[in-house]
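The values are calculated or read from the model by the stated rules, or taken from the named source; none is laboratory data. All figures in this text were calculated on a predicted structure; none of them were measured in a lab. Ideal geometry is used to build each Cβ from the backbone, glycine not excepted, and the neighbour counts take in all protein chains shown. With ligands, DNA and RNA removed, areas are computed over all heavy atoms of the protein, side chains included. Shrake-Rupley method; radii C 1.70, N 1.55, O 1.52, S 1.80 Å.
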Amino acid sequence: MNQVEAAARYFHQAADLLELTEWQRTQLLTPHREVKVECNIVQDDGTIGTYIGFRVQHDLSRGPMKGGIRYHPDVDLNEVNVLAQLMTWKTAVVDLPFGGAKGGISCDPRKLSQGELQRLTRVFVQKLHELIGTYSDIPAPDMGTNAQVMAWIVDEYSKFQGYSPGVVTGKPVELGGSFGRESATGRGLMLAAQNLFAAHGQKIKEFSYAIQGFGNVGSWAARDLYDQGGRIFAISDISGAIRNRDGINIPELMEYVKTHRGVAGFPGAQEFSSDDIFFQDVDVLVPAALGEVITSSNCGDIKAKYIIEGANHPTTFDAHQLLTKRGVIILPDIYANAGGVTVSYFEWVQNIQQMRWPDDRIDSELHKVMFKAFKDIQETKDKYQCDYRTAAFTLGVDRVSKAKRLRGL
């Protein structure tokens, strides 16, 4: 079952609990707008490169639409559509005044020069500038894009609409970006874990962890869990995997990775097969890299009692069902990795206010949002006697459904 089918199943589970009618379900699933554009650029060798770009604006019932732009060879309309839908539920789960959107260009950014990436980004904005904006649709970085790409978007968009830093989030701080954006998703995951364990009368420091992925999300989550006393036993990334039953020194590992560009060879731990990261004898598994890595074929060997999802859709639908039946507690991505979109919201607010918040305010506000969202998810879980993923989807779908109903046809 692919991500499109899984998202539909989760949605209909929530819709069943909410007793939504068929026409309500159709309204909620139908995107507001789908855009497909041709992007032609002159490449460095003088040839013409043609790339296809997409933007799906799923829902605007609760506010301007929000969602990243990814540059990846596998980007297509189906993928963008389901990711836009998931953004609608995610922003609703953490109660941000946003709807959902997603975009992307089918390309391999690793094979494009900096100049080619800039030209491609600017052409994409030229095709979309009338459809995005501070109060309509606000993109952000995603797979294959970064703060520099957002800076190009702001500059190109401003040529058409005037200076508009609020048109995207995830910008460099020098161009109106927010403090705390780099650490936001990983820090939000730590806060999500903190809230989950507190609900069971426990603390982060009482558990051991295995983290799959040591990029932006995984490294910041590891640092924050370590700072809270969590024992990080195993970590993997594209270079390999390492483990230490006495706990990995995360600050030392982060310094090592700056130089060696991966965790492999870190002298403070032993190396092992990356494929075995999911099967380590730990309390908590944190998939923080790719999607669909926990499947029905490998979930039977998972020993962790908790799975906290830092990546988007790391657990397939079938694996989720099997693990939940075993009593494994899964904190779903639409809550656990919502720290990123939450600090994106803070950045947007700062741009509108034309002021900058200090780091401590960012952290304080993020803590409030993640705490309130977990409280709401827990109440929904208790009301419907369901698992955390179903509760999160039910909470998000319910909020969007109510907003759409109040706005009328």
- Note on the structure: Relative contact order in percent for segment 120-190 (Cα pairs under 8 Å, 6+ apart) equals 30
- Query: For the pair Glu271 and Lys203, what calculated FRET efficiency results from E = 1/(1 + (r/R0)^6), where r is the Cβ-Cβ distance and R0 = 35 Å, to the nearest 0.05?
  - Reply: 0.70
- Task: Quote the relative contact order of the chain in percent (integer), defining contacts as alpha-carbon pairs under 8 Å separated by 6+ residues.
- Result: 17
- In segment 258-367, which trypsin sites (Lys or Arg not before Pro) are in a loop and have at most 15 other Cβ atoms within 10 Å, using DSSP for the loop call? Arg261, Lys303, Lys305, Arg326, Arg356
- Qualifying lysines (Cα of each under 17 Å from Cα of Lys203; at least 8 residues distant if same chain): Lys305, Lys375
- Candidates Gly100, Gly133, Gly396, ranked by Gaussian network fluctuation over the chain, Cα under 10 Å, top entry: Gly133
- Message: Here is the link list: Lys66/Lys383; Lys90/Lys159; Lys66/Lys127; Lys66/Lys404. Which ones come out longer than 23 Å on Cα distance?
- Response: Lys66/Lys383; Lys90/Lys159
- Message: With every protein chain kept in place and ligands, DNA and RNA left out, what is the accessible area per residue of the chain? Probe 1.4 Å, answer in Å².
- Response: 42
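For segment 258-409, with all protein chains present and a 1.4 Å probe, just round the carbon and sulfur fraction of the accessible area to a whole percent.
For segment 258-409, the apolar C and S fraction of the accessible surface comes to 49 percent.
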- Query: Once you sort the root eigenvalues of the Cα gyration tensor of segment 137-178 as a ≥ b ≥ c, which label holds: rounded (a/c under 1.5), prolate (a/b larger than b/c) or oblate (the other case)?
  - Reply: prolate
- Task: Using DSSP to define loop residues, name the GluC sites (Glu not before Pro) in segment 41-132 whose beta-carbon has at most 16 other beta-carbon atoms within 10 Å.
- Result: Glu130
- Item | Span from the segment 125-169 Cα centroid across to the segment 7-61 one, whole angstrom | 18
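Shape verdict for segment 235-371, please, from the Cα gyration tensor: rounded (a/c under 1.5), prolate (a/b greater than b/c) or oblate.
Cα axes put segment 235-371 in the oblate bin.
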- Label-point separation in nm, Val35 to Arg405, each point 7 Å along Cα→Cβ: 3.2
- Go ahead and collect, in residue order, the members of segment 247-265 whose backbone nitrogen is under 16 Å from a label point 7 Å along the Cα-Cβ direction of Lys303. 247-248
- Task: Any chance you could run the full-extension gain for Lys368 through Gln114? It's 0.36 nm times the residue separation minus the Cα-Cα distance, nm to one decimal.
- Result: 87.6 nm
- Message: As a test question: what accessible area, to the nearest 10 Å², does Val42 have when a 1.4 Å probe is rolled over all protein chains in place?
- Response: 80
- Rounded if a/c under 1.5, otherwise prolate or oblate - segment 79-128, Cα gyration tensor axes: prolate
- Query: So, with a 1.4 angstrom probe, what is the percent of accessible area on segment 168-251 that is carbon and sulfur?
  - Reply: 48
- Between Asp95 and Asn146, what FRET efficiency follows from the Cβ-Cβ distance if R0 is 41 Å, with the result rounded to 0.05? 0.90
- Grab the DSSP H runs of the chain that are 4 residues or longer, score each as -39,500 (n - 2.57), total them, divide by all residues and round the 222 nm result to the nearest 500 deg cm²/dmol. -14500 deg cm²/dmol
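Write out the chymotrypsin sites (Phe, Trp or Tyr not before Pro) in segment 309-370 meeting two conditions: DSSP loop, and at most 14 other Cβ atoms within 10 Å of their Cβ.
Filter output for segment 309-370: empty list.
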